[in-house]
Amino acid sequence: KDGKALRLIAELGLAAVSFEYSQTNQAHFDAQFKALHEFLSRQPWARSNAIAWITHSLGAQRSLSCLLRNPRLQPQALVRLNGGWVEELNGKTEIQSLNSEARSVPARSSRFAVWLVHGEMDELFPAADCHRLPSLLRSNGAPVQLNVFPNRGHGLGDDRPTMIRAAAE
């Protein structure tokens with residue numbers, strides 16, 4: 001199902017990976033994501049200092065949850081397309097786990113860039129949840145850009161290919 005999105009990224013001369021993940025079990029997702037991360041780290045064509053996660057919907061939630069528990073996996077950039085709130089952030093005013101654990105990783109910054117893209121009319125995840133994330137992510141020192149697109153639903157409509165290409169760029 002991700003062929004068109006992968007092609008948009010590949011047309012820019014970038015490598016792209018998509019995978020089917022456990023949608024019902026976060027621990028299984030984490031294991032799958034760690035295995036993918038390890039696989040990519042062994043590939044001669046993969047540049048470990050040029051990794052971005054472009055995530056959508058439940059994948060955006062699962063990947064952020066995984067990142068909060070496994071900061072050593074952090075990318076250089078995180079793009080969340082219509083992702084919902086993650087329960088690990090409930091009651092938090094700043095993100096502590098990324099700051100403390102990720103700093104112990106040599107040559108990696110805990111200041112990954114974040115682009116949050118959301119449809120104002122998202123029928124699955126309210127745009128209000130997306131508005132809550134920037135301050136938490138900025139508490140970690142991450143530069144955050146938030147774009148909420150009016151009159152767009154969960155799939156971002158006709159703008160989805162444009163958003164994917166912009167995320168890759």
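The values are calculated or read from the model by the stated rules, or taken from the named source; none is laboratory data. None of these values were measured; they are calculated from a predicted model. Note that each Cβ is placed from the backbone with ideal geometry, even for glycine, and that neighbours are counted across all protein chains shown. For the accessible areas, the whole protein counts, side chains as well, though only heavy atoms, and no ligand, DNA or RNA atoms are used. Shrake-Rupley method; radii C 1.70, N 1.55, O 1.52, S 1.80 Å.
About the Cα centre, and with charges only on the beta carbon of Lys, Arg (+1) and Asp, Glu (-1), how big is the dipole of the chain? Nearest 20 debye, please.
540 debye
Roughly how many Å² is the accessible area per residue of the chain, as a whole number, for a 1.4 Å probe?
The answer is 55 Å² per residue.
Roll a 1.4 angstrom probe over the protein heavy atoms and tell me the percent of accessible area of the chain that is carbon or sulfur.
51 percent
Please identify every one of the GluC sites (Glu not before Pro) in the stretch 13-100 that sits in a loop by DSSP and has no more than 16 other beta carbons within 10 Å of its own beta carbon.
Counting only loop positions with at most 16 other Cβ atoms within 10 Å, the GluC sites (Glu not before Pro) in the stretch 13-100 are 20, 94.
Go through (1) 15.3, 44; (2) 24.4, 94; (3) 22.1, 71 and flag the label whose value is the computed Rg and Dmax of the Cα atoms in Å for this structure.
Matching the structure shown: (1).
Going by accessible area, probe 1.4 Å, with all protein chains left in place, what is the ranking of 162, 55, largest first?
162, 55
Could you pull out every one of the lysines with an alpha carbon less than 26 Å from that of residue 92, ignoring same-chain neighbours closer than 8 positions?
Leaving aside lysines fewer than 8 places away in the same chain, those within reach of residue 92 are 34.
Given the -39500 (n - 2.57) contribution per DSSP H run of 4+ residues, what per-residue ellipticity at 222 nm results for the chain, rounded to the nearest 500 deg cm²/dmol?
-11500 deg cm²/dmol, from helical runs alone.
Can you find, among 91, 155, 143, the residue farthest towards the positive end of the dipole of the chain? Put +1 on the C-beta of Lys and Arg, -1 on that of Asp and Glu.
The residue sitting most towards the positive pole is 143.
Could you tally the net charge around residue 14, taking each other residue with its Cβ under 12 Å from the Cβ of residue 14, Lys/Arg +1 and Asp/Glu -1?
Residues close to residue 14 contribute a combined charge of +1.
If I build a Gaussian network model for the chain, linking alpha-carbon pairs within less than 10 angstrom, which residue out of 29, 112, 39 has the largest mean-square fluctuation?
39
How much solvent-accessible surface does residue 81 expose, in Å² to the nearest 10, with a 1.4 Å probe and all protein chains in place?
Surface open to solvent at residue 81 totals about 0 Å².
Which sequence of 28, 154 reflects their accessible areas, 1.4 Å probe, from the largest down?
So, going from the largest accessible area down, we get 28, 154.
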